[in-house]
Amino acid sequence: MTEPLRVLLADDQTLVRTGFRLILGADGIDVVAEATNGTEAVEAARRTRPDVVLMDVRMPEMDGLEATRRILTGAPDTPRVIILTTFDLDRYVYAALSAGASGFLLKDVTPEHLTAAVRTVRTGDALLAPAITRRLVERFTQRGSDIAALHRDLASLTPRELEVLGLLARGLSNAELATRLHLAEATVKTHVARILAKLGLRDRVQAVIVAYETGLVSAGAREAAGQSTEET
């Protein structure tokens, strides 16, 4: 990808937007628009067609969750959305991931992590390691809340794909999956890609959520082999 990476900043705090704009600009990333609320974010996303949206959760008029849903619903070539939050494991972050966001960042993120995160999701990868996503899902799934669930039929998956999905949801990276299943890592990546395609999912973050919400993996499962890190 040789074209400049284009980002939309959506946050009601001027200092946050200014700081992020300076950090991204210093790394050659273009901030094409800024928004102070969800309504402005939706309009700006449609007008400027950014590659990535950095979306605050709690904003006036329309929150980041609803804005994320509107940006990611119905339009082709939708941007990747990274949710910004002050609180680790905010329940709204889980809902945003269900709506299609590619990950989340705490607002005290380091400059290096911020720019790396934006570049990571632009390539189509999920920002979160599955093990981190699992903690989020375990906390908020199966509680009878009004959070919109991802409903998917797993019948289209082969037995091997179901096995891969279950292990992925327990926090295994592609390399760990390859070791566990005695497969080449390229073969694992092919299985993951087929799972996402068959289930109509954007990335492996949503795959983790589906695995829990369909009951393939139960909350409290602890079979992860170590802690995965963000893939860049």
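The values are calculated or read from the model by the stated rules, or taken from the named source; none is laboratory data. Only a predicted model underlies this, so the values are computations on that prediction, with no experimental measurement involved. Cβ coordinates were reconstructed from backbone atoms using ideal geometry, including for glycine residues, and neighbour counts include every protein chain displayed. Areas reflect the complete protein model, heavy atoms only, side chains present, ligands, DNA and RNA absent. Shrake-Rupley method; radii C 1.70, N 1.55, O 1.52, S 1.80 Å.
Some observations on this one:
- Packing, taken as the mean count of other beta carbons within 10 Å per residue, orders the peptides 159-171, 19-31 from highest to lowest as 159-171, 19-31.
- Taking 0.36 nm per residue of separation and subtracting the Cα-Cα distance, full extension of the segment from Glu61 to Ala186 would add 40.5 nm.
- Around the amide H of Arg58, modelled in the peptide plane, lie the amide H atoms of Gly64, all under 5 Å away and 5 or more residues distant in sequence or on another chain.
- Segment Thr158-Thr39, length gained on full extension (0.36 nm per residue, minus Cα span): 38.7 nm
- Sparsely packed loop sites in region 3-66 (the GluC sites (Glu not before Pro) outside DSSP H, G, I, E and B with at most 16 other Cβ atoms within 10 Å) comprise Glu61.
- Whole-Hz couplings from phi, Karplus 6.51/-1.76/1.60, listed for region 177-185; x for Gly and Pro: 4, 4, 5, 5, 9, 6, 10, 6, 4
- Per-residue Karplus couplings for region 64-73, computed as 6.51 cos²θ - 1.76 cosθ + 1.60 with θ equal to phi - 60°, are listed in order as x, 5, 5, 4, 4, 4, 5, 5, 8, 9 Hz, Gly and Pro entered as x.
- Using the average count of surrounding beta-carbon atoms within 10 Å as a protection proxy, the listed peptides 196-207, 45-56, 178-189 rank, highest first, as 45-56, 196-207, 178-189.
- Built amide H within the under 5 Å cut-off of Ala35, gap 5+: Leu9, Ala10, Asp11
- Rounded percent of accessible protein surface that carbon and sulfur make up, region 1-108, 1.4 Å probe: 50 percent
- Here the alpha carbons of region 1-52 define both size measures, Rg and Dmax, at 10.8, 31 Å.
- Amide H contacts of Val53 (H built 1.01 Å from N, under 5 Å, at least 5 apart or other chain): Leu8, Arg80, Val81, Ile82
- Across region 27-34, coupling constants 3J(HN,Hα) worked out from phi with the 6.51/-1.76/1.60 Karplus curve, θ = phi - 60°, read 9, x, 9, 7, 8, 8, 6, 10 Hz, and Gly and Pro carry x.
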